[in-house]
Amino acid sequence: MKTISLETENAVIGAMLVGGIKTFHKVSSIISAKDFYQLENQILFNAIETAVDQKLSIDPVTIAETLTSANLAHIGGMQYITQIISETPSTANAGAYARIVLDNSQLRSLVNAGTSIIELSTGEESTVEKIAKAQEVVGDIAKTQRQDDKDTPQATKEFIEWMQREDSELKSGFFDQHTGGLFAGLIVIAAGTGQGKSTLALNIAYNLREKHIAYYSLEMPAAQLIGRMVSNDSGLPYQKIRDKTLNVSEWPILAESVKKIKDSNIRFIDNGIHINQLCAHARSMKNNKGLDMIIVDYIQLVGSDGQNREREVATITRKLKGLSMDLDVPVIALSQLSRDHEKRSNPKPTLKDLRESGAVEQDSDLVLFLYDESKYKDETQNQELTELYSCKFRHGENFTLALDQQLANYRFKVSEAFIKQDQQQGYRL
């Protein structure tokens, strides 16, 4: 398998030296310096790019002056530049030559990836982690491929096709009127301890139980989650289910709800998991059983590699965002808050209160907060109400909802008081 063609590389460099800036723009839209195998040609491509940036002419003398003395000596001086020009067959085929250079570059990347995967197989990590890293290696090749640019008519055509699509079939049951449903991207639900972020995530999963959902619960075993879903579905208090104190008439109701939940398509993963394992499992589920949504409860409990926890969280959120884009599914990730907001006179959380907040805020498409004022203030008019509000929404305006707490059944419902309000203005507690 041929992965190197020095003649073609030389022809590309020569075509730019002869054809000037117009040929450079044609070539640079296809390849970059790293796509050349020969270091001398990488150096010359960078020198031509520098000349263009500085609005200098592209000719042998100017390019030679642009190079440092060390780089000029490394390529063989002016003799190498004039030799390339003399051997250039034509500038007309510069684009075709550049595509050959790109193909060879990608083939070399593929060979290197294969070598890396073989080396991975001999490591000490688990098989799942090896598979995840191998998928990343191959995925990195695809991400480095240059995409064809789109003119306005093509972009407009894609916009019209997007407008003609039906709204998302994935409805959260809470904030859909503001978001059009759940969308591919990273959706973060953040709240303090005991504010109900796990309850809201489980409610969303329950509302979409006919869809294929991967639910990564790192804080609570699957049996407890099922118990809460059964309480939500049946209306039976969770405490009575937990304590097995149901009366004779309630057991059949429980059995009916258990059957309904059993037939759903949610898959629970309730053991500690590394972010690479999570990604590998989700990709496998997408390929084998189908996957419509991912829920992670919660970000700070996912394992990762890094010098400190902030960098680990940054890796986790970046990979969750990439996973969402690659699989075209929404990822709902729960996040802890720092305790600092509790010390303020107004403890209502904001983006700065996200724990290890920088990466979480940066990578997310929608950040939602839950706030129960009665948890922080003795006197409040908002008893048994939780505020659900967005502080970042990449695709629209921020919004606020009021949720009725039905916590005996681990259930939230959009408040009737809110429904009567102007939907455009939202609800202000």
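Values in this text are rule-based calculations from the coordinates and carry no lab data. Because the structure is a prediction, the values reported are computed rather than measured. Glycine also receives a Cβ, built like all others from the backbone with ideal geometry; neighbour counts cover every protein chain displayed.
Candidates 299, 266, 288 compared by Cα position along the dipole of the chain: farthest toward the positive end lies 266, with charges placed on Cβ. Only helices enter the 222 nm calculation for the chain: every DSSP H run of n ≥ 4 contributes -39,500 (n - 2.57), and dividing by all residues gives -15000 deg cm²/dmol, rounded to 500. Along segment 42-49 the Karplus relation, 6.51 cos²θ - 1.76 cosθ + 1.60 evaluated at θ = phi - 60°, assigns HN-Hα couplings of 4, 4, 5, 4, 5, 5, 5, 4 Hz to successive residues, with x for each Gly and Pro. Working note: Karplus 6.51/-1.76/1.60 with θ = phi - 60° gives segment 118-126 the couplings 4, 5, 4, 5, 9, x, 9, 5, 5 Hz, where Gly and Pro are set to x.
For segment 211-216, the Karplus equation 6.51 cos²θ - 1.76 cosθ + 1.60, evaluated at θ = phi - 60°, returns couplings of 8, 8, 10, 9, 10, 8 Hz by residue, with Gly and Pro reported as x. Scanning residues 5 or more positions from residue 189 or on other chains, those with amide H under 5 Å from its amide H are 333, 334, 335, 368, with H placed 1.01 Å from N in the peptide plane. Taking the DSSP beta bridges with both ends in the chain, the antiparallel portion is around 40 percent.
Comparing Cα centroids, segment 374-411 and segment 255-307 end up 26 angstrom apart. Summarising the amide proton neighbourhood of residue 266: residues at separation of 5 or more, or on other chains, whose placed amide H is nearer than 5 Å comprise 213. Quick check: from the Cα gyration tensor, does segment 176-419 come out rounded (a/c under 1.5), prolate or oblate? Cα axes put segment 176-419 in the oblate bin. Computed about the Cα centre, the dipole magnitude for segment 6-144 is approximately 400 debye when only Lys and Arg (+1) and Asp and Glu (-1) carry charge, each at its Cβ.
May I ask you to sort 163, 220 by Cβ crowding, counting other Cβ atoms within 10 Å and putting the fewest first? Can you show the working numbers first?
On the way: 163 7, 220 15.
Fewest-to-most Cβ neighbours within 10 Å comes out as 163, 220.
Here the residues 293, 325, ranked from fewest to most Cβ neighbours within 10 Å of their Cβ, fall in the order 325, 293.
Highest mean packing comes first when the peptides 29-39, 71-81 are listed by Cβ atoms within 10 Å, giving 29-39, 71-81. Distant-in-sequence amide contacts of residue 329, defined by a placed amide H-H separation under 5 Å and a gap of 5 or more residues or a different chain, comprise 185.
The alpha carbon centroids of segment 27-44 and segment 191-225 are separated by 50 Å.
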